[in-house]
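The values are calculated or read from the model by the stated rules, or taken from the named source; none is laboratory data. Only a predicted model underlies this, so the values are computations on that prediction, with no experimental measurement involved. Heads up, the Cβs are rebuilt from the backbone with ideal geometry, glycines too, and the neighbour counts pull from every protein chain shown.
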Amino acid sequence: MSDSSLSSGLPTPGANYSLKEEIRTYWSGRAATFDSQVGHAIKSDAELAAFQSLLRQSFGAEPREVLDLACGTGEITRALLSLGHKVTALDFSEEMLARARAKHGDRARILAGDAERLLDDDGTYDALVTRHLVWTLTDPEAAFAEWFRVLKPGGKLLVIDGDWINRSWLQQMLNRAATFLRERAGAAPHAADRDAFDSITKRFFFRDGLSFERLGTMLRQTGFARIEAADYAQVVRAQQRNAALHDALRLASSTRFAVLATKG
Ligand SMILES: C[S@@+](CC[C@H](N)C(=O)[O-])C[C@H]1O[C@@H](n2cnc3c(N)ncnc32)[C@H](O)[C@@H]1O
């Protein structure tokens, strides 16, 4: 049994376990330390301001009905609430949801559910945002169709994600330097269960890596229009300014991007 499954008290994935359950077990095992890792919790006023700017550019300045899909510990929800949006936050990990509930109480509607099969009526939301979910989806075509369905006509979808599988030569160097400096600084190693991670990533739909282009093509095929890049780099810059050198390098060691799409 892995360390993370011992510490989370969750069962080890077995032969009769679906990939989706393994994904949930993996994230549940990371819930306790998730916010302490770079690029997760909003750590500074400058980072919050960068998020607010990204969300205003994507959804406009008026408060809207917004769904935060795969909300995790509720950090994107935090940014949405700070702009006055009415937020529904959904995740399938109770360990993650407990942290989101502790942060936001009843200021947001926080629900357990599967992001690939929503229970909402058609045309419920003005906007939908999801960070770091798409790369792990087991059935992205079905998920995107669901997200299209629950948006109002003219509604906006903002996907924040990255390629967590492939690294350019430069990104590999930056990642090695980040690991070296992190160890030299005596910082605790990341608590992720490496074996579980390697096992599940091999079976993801996007096991070869997610790219802006591939995601854009799939969203267009779903029916979304006006597919464009959103400026997530402003958030990453703010994260780097407030981070230790090893964490700033780590943030630069993967390709991160955001896609904004509109339900035409
Ligand atoms: C990398 S974390 C990101 C959390 C949050 N979006 C953030 O950026 O801080 C991925 C989250 O996706 C959730 N998740 C993965 N697949 C899901 C699914 N099919 N339905 C609901 N939640 C899912 C996990 O439980 C986990 O909380």
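Points to keep in mind about this one:
- Annotation note: Cβ proximity below 6 Å between a residue of segment 16-39 that is among the hydrophobic types (A, V, I, L, M, F, W, C) and a residue that is within 11 Å of the ligand (Cβ to nearest atom) and not in a helix (DSSP H, G or I) (sequence gap 6+ or interchain) occurs for LEU19/THR138; TRP27/SER93; PHE34/HIS40; PHE34/THR73.
- Residues (among the charged types (D, E, K, R), surrounded by fewer than 18 Cβ atoms within 10 Å (Cβ to Cβ) and near the ligand (Cβ under 10 Å from one of its atoms)) located in segment 22-46: ASP35
- Against the numbered list (1) near the ligand (Cβ under 9 Å from one of its atoms); (2) part of a helix (DSSP H, G or I), VAL129 comes up short only at (2).
- Where LEU210 falls short, out of the listed (1) crowded, with 20+ Cβ neighbours inside 10 Å; (2) at positive phi: (2)
- Positions within segment 65-114 being in a loop (DSSP other than H, G, I, E, B), buried (at least 21 other Cβ atoms within 10 Å of the Cβ) and of a type outside the set (S, T, N, Q), in sequence order: ALA70, CYS71, GLY72, GLY74, HIS85, ALA108
- Looking only at segment 218-233, residues that are touching a Phe, Trp or Tyr at 6+ places or on another chain (Cβ under 9 Å) and either farther than 29 Å from ALA252 by Cα or without any contact (Cβ under 8 Å) to a residue 24 or more places away in the chain (or both) come to 5 in all.
- So ALA112, is it more than 8 Å from the ligand (Cβ to nearest atom) and over 23 Å from ALA261 (Cα atoms): yes
- Annotation note: of ARG117, ARG167, the sole residue that is within 12 Å of the ligand (Cβ to nearest atom), among the basic types (Lys, Arg), under 26 Å from ARG207 (Cα atoms) and part of a loop (DSSP other than H, G, I, E, B) is ARG117.
- Selection within segment 220-244: residues that are modelled with pLDDT of 95 or more and among the aliphatic types (A, V, I, L, M). The member of this set that is farthest from ARG182 (Cα to Cα) is ALA225.
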